[in-house]
1. Can you spot a residue in the range 32-39 that is free of Cβ contacts under 8 Å to residues at least 24 places away in the same chain, part of a strand (DSSP E or B) and farther than 20 Å from Lys221 by Cβ?
2. If you go through the range 183-198 one residue at a time, do you hit one that is open to solvent by 10 Å² or more (accessible area, probe 1.4 Å), in contact (Cβ under 8 Å) with a residue 40 or more places away in the chain, acidic (Asp, Glu) and in a helix (DSSP H, G or I)?
3. Scan the range 43-53 and tell me whether some residue there is open to solvent by less than 20 Å² (accessible area, probe 1.4 Å), in a helix (DSSP H, G or I), farther than 17 Å from Asn189 by Cα and out of contact with any Asp or Glu (no Cβ under 7 Å at 6 or more places or on another chain).
4. Which of the residues spanning the range 95-105 are open to solvent by less than 10 Å² (accessible area, probe 1.4 Å) and closer than 15 Å to Val320 by Cα?
5. Does the range 421-442 hold any residues that are crowded, with 18+ Cβ neighbours inside 10 Å and small (Gly, Ala, Ser), and which are they?
6. So if I check each of Thr413, Thr445, which one is hydroxyl-bearing (Ser, Thr, Tyr), in contact with an Asp or Glu (Cβ under 7 Å, 6 or more places away or on another chain), surrounded by fewer than 21 Cβ atoms within 10 Å (Cβ to Cβ) and free of Cβ contacts under 8 Å to residues at least 60 places away in the same chain?
7. Which residues, counting only those in the range 106-163, are outside any helix (DSSP H, G or I), surrounded by fewer than 21 Cβ atoms within 10 Å (Cβ to Cβ) and of a type in the set (Ser, Thr, Tyr)?
8. Please enumerate the residues belonging to the range 238-274 that are in contact (Cβ under 8 Å) with a residue 60 or more places away in the chain and within 19 Å of Gly449 (Cα to Cα).
Amino acid sequence: MENQEYAMFIDGAKHPVSETFSVYNPATGEIVGEAPQASAADLETAVAAAKAAFPAWAATPDADRAAACLAIADKVDEHAEELARLITMEQGKPLGGVGSRFEAGGIAAWARYTSSIAAGEQTLAEGDGGNVAVHRKPIGVVGSITPWNWPALIATWHILPAIRTGNTVVVKPSPYTPLSTLLLVELMNQVLPAGVVNVVTGDDKAANLGALMSAHKDVRKIIFTGSTATGSKIAATAAPMMKRLTLELGGNDAGIVLPDVDPAAIAEGLFWAGFINMGQTCAAMKRLYVHEDVYDAVCDALVSYAANIPMGNGLDEGSVMGPIANRMQYDKVKALADAGAKEGRVLLGGGEHDGLFFPLTIIADLDNGNPLVDEEQFGPVLPIIKYSDVEDAIAKANALETGLGGSVWSSDTEAAKAVAQRLECGTVWINQHGMIRPDAPFGGTKMSGIGVEFGQEGLHAYTDIQTMIS
């Protein structure tokens, strides 16, 4: 698989291009493969193919679209190990644990769940007073722009509900991790009609495909997962055409530990809350507020757990953590870790490592105002803040402009829920963090996004409402 040339799929077939760009393994620096360098003309071809396929796909019976989702799940299962290894090589995460095999399994699971729900028709009133029905109609061509942290799984989150509701798709993956999405779309095209799902790829030297897609008159909806800054640009570009938008943007999730916890019992959960996928997850816990009564014990328990986590090349079955996915992100993480170390107490890690491997780092005795607390690090560095009054912890958790997720940790579930309801975030967890589900709506408040994904509400986001009164 290494150094292979990968192809874009447009209108159900491989789409030839004259140029490619290299994709690198962050663990080794070696070239994994060559991805197609799409032009503006290639994007036009992809959008035209999706537009042409839309009428027939929108008219396809709901049961047939559900069956297509199941067929995609089966096809991914057949190629799960190939897909997982490709994800590991281009993104860095380990094959095992909550890594690439988990991601490949998640793709199939999400596809199967998506097959089980439908947008449907809703009757609001009927009888002598008149009949009112709400119909959910597909929007048209959906433009999907995906990030590099969970490349194939997030592409699935974008594509599956779109096609389930009768839309067609053009997906543009991150230039850091395009190969797994190219493979995924190739597998989808083995079971879908031509033009229903198309993919274009390009690096920073290519045409700005994301901006062109956002501005394209025939793309009726944009779904984007990534930074707030980029999401704001997409929204501004899409506004003149009143495109439908789903934007899952940056998070800086807070966890609050109440004084009644057993530190040893929650250490493992806290670790994975903050360090899943090397912290490169939108809904990972990015800052931790701990009550002074248990502060030292929680810090000790968390450090004790984290110190024994092996890090290495993701293709090594013994690795539990891998590298940061790219140099740009490594430099950002290091800068924020250095800022935290200047004011806080480094309990674990810090400094640099070989290549893009950054040591798991925990820094205590920080507070709001430090860049490591206020900015989303998106890496394996966790700041810990001591508090004495839960009102202060809630206020500090809510002080930032982001509001994706949050969590409360306590032995008293009802007490935790009371605190959780006051957090300004789209999803809040009790004694866990970041455990998203295909049946639970997921989205951000404040600057963390517009709209929701997953579940019935997420499916509805790919439809326009038509109210019929008779």
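1. Checked the range 32-39: no residue is free of Cβ contacts under 8 Å to residues at least 24 places away in the same chain, part of a strand (DSSP E or B) and farther than 20 Å from Lys221 by Cβ.
2. Looking through the range 183-198, at least one residue is open to solvent by 10 Å² or more (accessible area, probe 1.4 Å), in contact (Cβ under 8 Å) with a residue 40 or more places away in the chain, acidic (Asp, Glu) and in a helix (DSSP H, G or I).
3. So far as the range 43-53 goes, yes, one or more of its residues are open to solvent by less than 20 Å² (accessible area, probe 1.4 Å), in a helix (DSSP H, G or I), farther than 17 Å from Asn189 by Cα and out of contact with any Asp or Glu (no Cβ under 7 Å at 6 or more places or on another chain).
4. Leu95, Gly99, Ser100, Glu103
5. Gly426, Gly434
6. Thr445
7. Of everything in the range 106-163, those that are outside any helix (DSSP H, G or I), surrounded by fewer than 21 Cβ atoms within 10 Å (Cβ to Cβ) and of a type in the set (Ser, Thr, Tyr) turn out to be Ser116, Thr123.
8. Filtering the range 238-274 down to residues in contact (Cβ under 8 Å) with a residue 60 or more places away in the chain leaves 244-258, 260-262, 266, 269-270, 272-274.
Answer for the range 238-274, where residues must be in contact (Cβ under 8 Å) with a residue 60 or more places away in the chain and within 19 Å of Gly449 (Cα to Cα): Arg244, Leu245, Thr246, Leu247, Glu248, Leu249, Gly250, Gly251, Asn252, Asp253, Ala254.
The values are calculated or read from the model by the stated rules, or taken from the named source; none is laboratory data. These numbers come from a predicted model, not from an experiment. Glycine also receives a Cβ, built like all others from the backbone with ideal geometry; neighbour counts cover every protein chain displayed. Only protein heavy atoms, including side chains, enter the accessible area calculation; ligands, DNA and RNA are left aside. Shrake-Rupley method; radii C 1.70, N 1.55, O 1.52, S 1.80 Å.
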